[in-house]
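For reference, the structure discussed in these notes is given below.
The values are calculated or read from the model by the stated rules, or taken from the named source; none is laboratory data. Given the structure is predicted, the values throughout are model-derived calculations rather than measurements. All Cβ positions, even for glycine, are placed from backbone atoms using ideal geometry, and neighbour counts span all protein chains on display.
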Amino acid sequence: MRCVLFTGKGGGGTTTVAAASATLAAQRGHRTLLVSFNPVGELGATLDHPVAGEPVELEPGLFGQQVDLQDSFERRLDAVRPLLDAAWTHADLDPIETEELAGLTGVGETLALLELRDQLTSGRYDLVVVDAGPAADALRLLAFPETLSWYCRRLLPPDGRFVRWVRPSLARSARLAARVGHLAEPVYDVLTRLRATAAELREVLTDPARTSVRLVLTPETASVAVTRRVFTALSLHGLPVDALVANRVIGPSGGDVWRAGWAASHREQLGEIEAAFAPLPVLRAAYRGGEPVGLEELAAFGAAAYGSLDPAGVLGARAGADSEAPLVERTEEGYSLSFGVPFADRGEVDLARLGDELVVTVGPHRRLLPLPAALRRCDVRAAWLRDNRLVVSFVPDPDQWVRA
């Protein structure tokens, strides 16, 4: 089972490239699901075929799905509603309505990831292609499993803030303690399952053998700048990128001055893109006279971009493995921890220690990184950028290490 996610600057043709990749993969023998979480719902228009909240067969081996997050929320809430209703009744509290829960921050990302998890584990497909939408939405979605795990760690043992909150104490009345106690079991059960799901999804999304992110861009200055930023953020979160797709590339044929000027500009931009992201492959999709709509047009579009490459395969990996897990090494002073942050500038990198976690900020993007056991007993000494990697130096804390 493989999962390939497409994202890029809004308006760059991400949906078209995702649909073309899925159509081509299906025609080359992979049982493929194309799924979109974009609430605008433009996938059906691109396919020229209606799609719904459940997978619809578009042609032999190709299925399409436009996820309806509201429907998914109501369906999943129905499974736990009896348990929650009983808890509200025993606690003598007014139940929280569906509309109130649906508006909570993070609910949309959680539902989208649960839908993705269900399709990846269903065993019905060889490949799941995801139209992850514009870069900002995709980054929130892909980084959310780690964020969710962090919150669950804070609430569940060993940190146990939730346990401490529901535990009766002398400061609480017996009636309040009883009311809270009836809510403890269902809430604890939900948190435990969310934590396990987040860990499972995080493992899948960061495994380059199972998941690839492909960045769609146009050969223009603004699009390239956004792509570099997105690539930095994906690397910060350990998410593997295996290729870029340059869309709407204008070739030299045609002869008129206007076209020749754009062709020269695109040729220059493509050279810079290939040099900056090497050795990742940069696929090229030529600017077409008409919009590729429908399965036949999408298959031709995909074949022109991929050539002999397999859309379901791992197309490439960046030198230095920027998407790998953080690397811990022994040094003369103690230890070093490093991970890839390509294209990051020194002035936009910030670092802080928060208990047993390292808070890494690169521009507007932040990652809460749990420290390995050995580094929890160390102090941060220094940090620097080297070869597109952030290196953090740790020295043992004498008060926490056992003396020989």
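The residues of the range 368-379 that are closer than 25 Å to C152 by Cβ and either assigned by TED's automatic domain parsing to the domain that holds H237 or not small (G, A, S) (or both), listed by number, are L368, L369, P370, L371, P372, L375, R376, R377. Residue under question is D310, and the condition is that it be surrounded by 15 or more Cβ atoms within 10 Å (Cβ to Cβ), acidic (D, E) and either touching a strand residue (DSSP E or B) at 6+ places or on another chain (Cβ under 8 Å) or under 25 Å from S21 (Cβ atoms) (or both); does it hold? Judged against the criteria, D310 is a match. For the range 24-52, the set of residues classified as in a helix (DSSP H, G or I) and farther than 11 Å from A312 by Cα consists of Q27, L43, G44, A45, T46, L47, listed by residue number.
Across the range 60-90, the number of residues qualifying as modelled with pLDDT of 85 or more, more than 23 Å from the chain's Cα centre (by Cα) and surrounded by 13 or more Cβ atoms within 10 Å (Cβ to Cβ) comes to 2. So for the range 343-358 (the condition being of a type in the set (D, E), buried (at least 16 other Cβ atoms within 10 Å of the Cβ) and assigned to a strand (DSSP E or B)), does at least one residue qualify? Yes; the residues of the range 343-358 include at least one that is of a type in the set (D, E), buried (at least 16 other Cβ atoms within 10 Å of the Cβ) and assigned to a strand (DSSP E or B). Restricting attention to the range 318-371 and to residues that are modelled with pLDDT of 90 or more and aromatic (F, W, Y), the residue that is farthest from the chain's Cα centre (by Cα) turns out to be Y335.
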